Amino acid sequence: MTRPEETDSQIRSAALAYLASPWHVLAFAPAMERTFRADTLAGRLRRYRSFGLVGILIYMAYTGVDWFALHDIFPSIWPWRLLGMPLITGSVIALSFWRRFQPWCDLGMVGATTLGTLALVVFFSLSLTPASNHYYGGVLLCGVYLMFVLRTGFVPTAWGCGFILAGFTLALEGLQGVDPPTRLVIAAVTASTLLLGLAGLYQLERDERRSYALALLRRMDGAALAQANARLAQLSAVDGLTGLLNRRAFETRLHEVWEAAATTGGEVGLLFIDVDEFKAFNDFYGHQAGDEVLRQVARLLDAHTRATADIAARYGGEEFLVLMPGCSRHAALERAERLRAGIEAACMEHAASPVQGCVTVSIGLATQHPASGVDPAALVRAADEALYAAKAAGRNRVMMPSA
């Protein structure tokens, strides 16, 4: 559904206001009315095109009835039956394929049907045959066709019925050979039928509009729920402190990358990163400063992964992971060294560190070619062992298992 010129809050307010409105309110608020017309246009056009053609064929078929019932004026009216009315209605149907005319198609179909109905009024008012007095039934038939087959909008249809009733009343006054009581009955039956039909059409359109408003609200509630679920899923996958993936989300991604690499035969690299002497940092500067260091390290990791296909995550505490899909041993070593040097170059003060006067990291690196039956946890263990080797060797360095 399209929503021109409206925000979601405006749509919701307009829909709720309509659902709470009294029975005599038919139209939506102006902006929502335009939205409703645009959203239902395609369905109306299909109905007008298909049933418009059916109406043309039935109207033309009554030429045979005219030949029997209105033989005194048949030479004058058959061109309208077979050419005039089909041409007018057919033109409206043809114009319905022109985008600029489509918003006016309601009026076009009402106008064409009204003209066709008034033509029947002229027929029975001109003919002197006894059967002509029964042609008012055709007026009722056209009214039913307009209101419940074409189902044009209530307002233009009410205007069309008004013109039909006015023309019918004038013609009935001059009808020859019909006594006043009969005229009264014909007029009452025709007027009440059209009015009841309009009441039914009003209720149909009112129900359609209420259903539309309810559908909008359901769709918006569904979208809001989906957005909330997506947000919840995102929050459950993200570490609250650093904004990186958390451990559980990382393990899911690791299995996905591992399975993909097992299929393609690619290599997977992993960096296990530990902030050097982080406990000493917290003891010296406090936990708030420690949290800020972790956030800064995470930002540096995130900047690195934005430039590559790598995936960064917080493993827990001061430990981080960087997953490197399709990365060779040599390339992984280069990336790890760039990361280590970049964190050192950030010059985050760490006066309590025996390694350096600034924050540094130790990195364990491992790469593997996934194989069937091999658990990706083996890659994590290999990187973890390399990390312990880096810390044992003096920290602030990259270590990896020997080839």
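The values are calculated or read from the model by the stated rules, or taken from the named source; none is laboratory data. In this text the structure is predicted, and so the values were computed from the model without any measurement. Using ideal geometry, Cβ is built from the backbone for each residue, glycine included, and neighbour counts are taken over all protein chains shown. Side chains are part of the model used for accessible areas, which takes the heavy atoms of the whole protein and leaves out ligands, DNA and RNA. Shrake-Rupley method; radii C 1.70, N 1.55, O 1.52, S 1.80 Å.
Only a single item in (1) open to solvent by less than 40 Å² (accessible area, probe 1.4 Å); (2) under 42 Å from the mean Cα position of the chain (by Cα) is not met by V293, and it is number (2).
Scanning region 166-206 for residues that are open to solvent by less than 30 Å² (accessible area, probe 1.4 Å) and at positive phi turns up nothing. Would you call A158 loosely packed, with under 14 Cβ neighbours inside 10 Å and either more than 23 Å from L126 (Cβ to Cβ) or not hydrophobic (A, V, I, L, M, F, W, C) (or both)? Against the criterion (loosely packed, with under 14 Cβ neighbours inside 10 Å and either more than 23 Å from L126 (Cβ to Cβ) or not hydrophobic (A, V, I, L, M, F, W, C) (or both)), A158 does not qualify. I'd like the full set of residues that are open to solvent by less than 40 Å² (accessible area, probe 1.4 Å) and in contact with a strand residue (DSSP E or B) (Cβ under 6 Å, 6 or more places away or on another chain), limited to region 315-346. If the condition is that a residue be open to solvent by less than 40 Å² (accessible area, probe 1.4 Å) and in contact with a strand residue (DSSP E or B) (Cβ under 6 Å, 6 or more places away or on another chain), then F320, L321, V322, L323, M324, C327, A332, A336, R340, I343 are the ones that fit. Count of region 261-289 residues, restricted to those that are more than 15 Å from T367 (Cα to Cα), of a type outside the set (D, E) and in a helix (DSSP H, G or I), is 12.
Restricting region 321-353 to residues that are of a type in the set (D, E) and over 15 Å from A298 (Cα atoms), which is farthest from the chain's Cα centre (by Cα)? My answer is E349. Of the residues D276, D283, D310, D291, which is acidic (D, E) and either without any contact (Cβ under 8 Å) to a residue 40 or more places away in the chain or in contact with a Gly (Cβ under 8 Å, 6 or more places away or on another chain) (or both)? Step by step, each of D276, D283, D310, D291 is checked, and only D310 is acidic (D, E) and either without any contact (Cβ under 8 Å) to a residue 40 or more places away in the chain or in contact with a Gly (Cβ under 8 Å, 6 or more places away or on another chain) (or both). Taking region 304-380 and the strands (runs of 3 or more DSSP E) fully enclosed by it, the elements with 1 or more residues that are at negative phi and modelled with pLDDT of 95 or more are at 319-325, 361-368. Residues in region 220-234 that are among the aliphatic types (A, V, I, L, M) and over 30 Å from V25 (Cβ atoms) were compared, and the one that is most open to solvent (accessible area, probe 1.4 Å) is L232.
When you check F284 against the structure, is it under 30 Å from Q356 (Cα atoms), at pLDDT 95 or above and either open to solvent by 10 Å² or more (accessible area, probe 1.4 Å) or touching a strand residue (DSSP E or B) at 6+ places or on another chain (Cβ under 7 Å) (or both), yes or no? Criteria not met by F284. Scanning region 38-64 for residues that are of a type in the set (V, I, T) and out of contact with any helix residue (DSSP H, G or I) (no Cβ under 7 Å at 6 or more places or on another chain) yields T40, V54, I58.
Scanning region 55-101 for residues that are closer than 17 Å to T129 by Cβ and of a type in the set (G, A, S) turns up G64, A69, S76. Looking only at residues in region 356-367 that are out of contact with any strand residue (DSSP E or B) (no Cβ under 6 Å at 6 or more places or on another chain) and of a type in the set (S, T, N, Q), the one that is least open to solvent (accessible area, probe 1.4 Å) is T360. The set of residues from region 238-251 being out of contact with any Leu (no Cβ under 9 Å at 6 or more places or on another chain) and assigned to a helix (DSSP H, G or I) comprises R248, A249, E251.
Residues in region 207-219 that are surrounded by fewer than 17 Cβ atoms within 10 Å (Cβ to Cβ) and of a type outside the set (G, A, S): D207, E208, R210, L214, L217, R218, R219. Looking at A389, A377, A351, just one residue is open to solvent by 20 Å² or more (accessible area, probe 1.4 Å) and without any contact (Cβ under 8 Å) to a residue 12 or more places away in the chain, and that residue is A377. Inspect all residues belonging to region 235-242 and state whether any of them is open to solvent by less than 20 Å² (accessible area, probe 1.4 Å), touching a strand residue (DSSP E or B) at 6+ places or on another chain (Cβ under 8 Å), touching a residue at least 12 places away in the same chain (Cβ under 8 Å) and more than 25 Å from Q368 (Cβ to Cβ). No: region 235-242 contains no residue that is open to solvent by less than 20 Å² (accessible area, probe 1.4 Å), touching a strand residue (DSSP E or B) at 6+ places or on another chain (Cβ under 8 Å), touching a residue at least 12 places away in the same chain (Cβ under 8 Å) and more than 25 Å from Q368 (Cβ to Cβ).
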